[in-house]
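The values are calculated or read from the model by the stated rules, or taken from the named source; none is laboratory data. A quick note: this is a predicted structure, and the numbers were derived from the prediction, not measured. Neighbour counts run over all protein chains shown; Cβ positions are idealised from the backbone, glycine included. SASA here: full protein model, heavy atoms, side chains in, ligands and nucleic acids out. Shrake-Rupley method; radii C 1.70, N 1.55, O 1.52, S 1.80 Å.
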There are 2 protein chains.
Amino acid sequence: MTNGAIRHMALFTLKHNSGSAEAAAFLKDGEEILSFIPVVANFEVLLQISVKCDFDYSFSMEFENQEAYDAYNAHPDHQRFVRERWETEVLRFQEIDLMES
Amino acid sequence: MTNGAIRHMALFTLKHNSGSAEAAAFLKDGEEILSFIPVVANFEVLLQISVKCDFDYSFSMEFENQEAYDAYNAHPDHQRFVRERWETEVLRFQEIDLMES
């Protein structure tokens, strides 16, 4: 990451069964909707595979700086995704924000 | 990440105060020792800055496949770092392993 950039990760577990069509649709729609927001870079859909961590998936993305991160949080497509999909289909989650040391 | 690669992250909080020489030494030594292990790629020392996550730092690294990850876990430099530094200087931690979906 460049200096001042922020990597935002959301670890989560879905209400849908692993491998279900509903789970696949959530991951696909999340990637399409969130990665299309202009300030979002390096969007990744990841599977969490450690048995020592109680989440199944992660979205990971990078913002050039805090202003870009704020713009993401305020973006109507992000807010609509949170309201219509995240809050209805995600069972539990953990946010992580990382910067270069 | 390439297909089959694993991103291993350890989120942690140190016993040392934030900004202390001891904290800086732990992060520097961890990077030098662990990133020098041949199977380790893209090693990063990161600050965790979300108030919604109760860890201060993260090491992040990538392995080409499970065999490389196993080699890292078995490597004497890794095992010595865990025994001599991690187990004595880390207050709490959370491991996360991620793969491309």
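Does B:Glu44 fit the bill of being at the interface with chain A (Cβ under 10 Å from one of its Cβ atoms) and on the phi < 0 side of the Ramachandran plot?
When the stated conditions are applied, B:Glu44 passes them.
As an exercise: evaluate A:Met1 against (1) open to solvent by less than 10 Å² (accessible area, probe 1.4 Å); (2) assigned to a loop (DSSP other than H, G, I, E, B); (3) under 20 Å from B:Leu46 (Cβ atoms) and give the number of the one condition it does not meet.
A:Met1 satisfies all of (1) open to solvent by less than 10 Å² (accessible area, probe 1.4 Å); (2) assigned to a loop (DSSP other than H, G, I, E, B); (3) under 20 Å from B:Leu46 (Cβ atoms) except (1).
State the number of residues belonging to region B:60-74 that are surrounded by fewer than 18 Cβ atoms within 10 Å (Cβ to Cβ) and not in a helix (DSSP H, G or I).
Total meeting the criteria: 2.
Go through the residues of region B:20-39 one by one and say whether even a single one is of a type in the set (Val, Ile, Thr), within 15 Å of A:Ser101 (Cβ to Cβ) and touching an Asp or Glu at 6+ places or on another chain (Cβ under 6 Å).
Looking for residues that are of a type in the set (Val, Ile, Thr), within 15 Å of A:Ser101 (Cβ to Cβ) and touching an Asp or Glu at 6+ places or on another chain (Cβ under 6 Å), one finds none in region B:20-39, hence no.
Please specify each residue of region A:78-101 satisfying the condition of being open to solvent by 50 Å² or more (accessible area, probe 1.4 Å), charged (D, E, K, R) and not in a helix (DSSP H, G or I).
The answer is A:Arg92, A:Glu100.
Go through region B:5-59 and report how many residues are part of a loop (DSSP other than H, G, I, E, B) and under 11 Å from the mean Cα position of the chain (by Cα).
Total meeting the criteria: 1.
Give me the pairs, please: first residue somewhere in region A:78-101 and away from every other protein chain (no Cβ under 14 Å), second residue anywhere and hydroxyl-bearing (Ser, Thr, Tyr) and surrounded by 15 or more Cβ atoms within 10 Å (Cβ to Cβ), beta-carbon distance under 6 Å, and either six or more positions apart or on two chains.
Short answer, once both residue conditions are applied: A:His78/A:Tyr72; A:Leu91/A:Thr13.
Give me a count of the residues in region A:4-40 that are open to solvent by 60 Å² or more (accessible area, probe 1.4 Å) and closer than 24 Å to B:Ile49 by Cα.
So the answer is 2.
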